[in-house]
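Q: This structure is in structure tokens; I'll ask about it shortly.
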Amino acid sequence: MRLHMILAAIATICIGIYWWARINNDLSVVSIVQPLITILCIGIALLALRLHKHSRALILCISCGLAVALLGDFLNLNMNDPYVVIRGLVIFVVAYMTYAIGLTIINGFHFKDIFVGVVALLFNAALMIYLWPHLGEMKIPGLIYSLILPFLVTRAISTFFSGKFSKTQSVLLTAGTGMVYLGDIEFALHAYAQVLPMLAGPILYAGGQLLISLSPSYAE
């Protein structure tokens, strides 16, 4: 078994522990496991350098984004604290824009991106219209943040439209960014609209990062 798959298996076990700790608000466990998962993901991304076929630009993009996310993992433990949430928004805006800008530099823009972008904007508009009355002082930060992840997801989907990424890479990037986006949606619905319990969010965030980190290893 390749080393990156061994690390992925260890990260998957850690994701289960992380989910349990988040659900039970055990911050002592979260403080260890949450950054550990991201460190494993950085290792997985960097291991792609050992492969015969690899993209240094993609590895750099993913590794830098994960490094920024790692800072957030160390600092954003108590998500019930509004200050921590705001700090997390700033850090993860930088992390997700690192991914998005890197993918755009590598992949460019394509005509089909227009249609994907329109769908993403309509979905995001509907979500924000629903959440707006519940956001309180978080309206403006929430509005800004709400534009970042849909942009990232559209950049991941765009990798299907060129020959610079393998199909497997495009699937991993789209699934990974989509999971992170869904995790943030669940958090917003739970924390502000109070219509959902926090169930899958920790798995979606950490699992999404894991899929993103695996993408450089599957060039064709």
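The values are calculated or read from the model by the stated rules, or taken from the named source; none is laboratory data. All of these numbers come straight from a predicted model, not from anything done at the bench. As a convention, Cβ positions derive from the backbone with ideal geometry for all residues, glycine included, and neighbour counts pool all protein chains shown.
Q: Every residue in the stretch 152-168 that is small (Gly, Ala, Ser), without any contact (Cβ under 8 Å) to a residue 40 or more places away in the chain and touching a helix residue (DSSP H, G or I) at 6+ places or on another chain (Cβ under 8 Å), please.
A: none
Q: Would you mind stating whether residue 99 is under 15 Å from the mean Cα position of the chain (by Cα), of a type in the set (Phe, Trp, Tyr) and either modelled with pLDDT under 95 or within 24 Å of residue 200 (Cβ to Cβ) (or both)?
A: Criteria met by residue 99.
Q: Six or more apart or on different chains, Cβ under 7 Å: which pairs go from a residue in the stretch 39-66 that's in contact (Cβ under 8 Å) with a residue 40 or more places away in the chain and closer than 17 Å to residue 208 by Cα to one that's surrounded by fewer than 18 Cβ atoms within 10 Å (Cβ to Cβ) and among the small types (Gly, Ala, Ser)? Could you list them?
A: Close Cβ pairs (under 7 Å, with a partner that is surrounded by fewer than 18 Cβ atoms within 10 Å (Cβ to Cβ) and among the small types (Gly, Ala, Ser)) amount to 42/67.
Q: Follow-up. Write out, first by first residue and then by second, each pair whose Cβ atoms fall under 8 Å of each other, whose residues are 6+ apart or on separate chains, and whose first residue, in the stretch 107-124, is on the phi < 0 side of the Ramachandran plot while the second is of a type in the set (Lys, Arg).
A: 107/155; 107/164
Q: What number of residues within the stretch 136-181 are farther than 16 Å from residue 109 by Cβ, of a type in the set (Ser, Thr, Tyr) and assigned to a helix (DSSP H, G or I)?
A: Residues that pass the stated criteria total 6.
Q: Going residue by residue through the stretch 115-122, is there one that turns out to be under 19 Å from residue 186 (Cβ atoms) and in a helix (DSSP H, G or I)?
A: Scanning the stretch 115-122 turns up at least one residue that is under 19 Å from residue 186 (Cβ atoms) and in a helix (DSSP H, G or I).
Q: Answer with yes or no whether residue 180 is under 19 Å from residue 155 (Cβ atoms) and either touching a residue at least 12 places away in the same chain (Cβ under 8 Å) or touching an Asp or Glu at 6+ places or on another chain (Cβ under 7 Å) (or both).
A: So residue 180 fits the description; yes.
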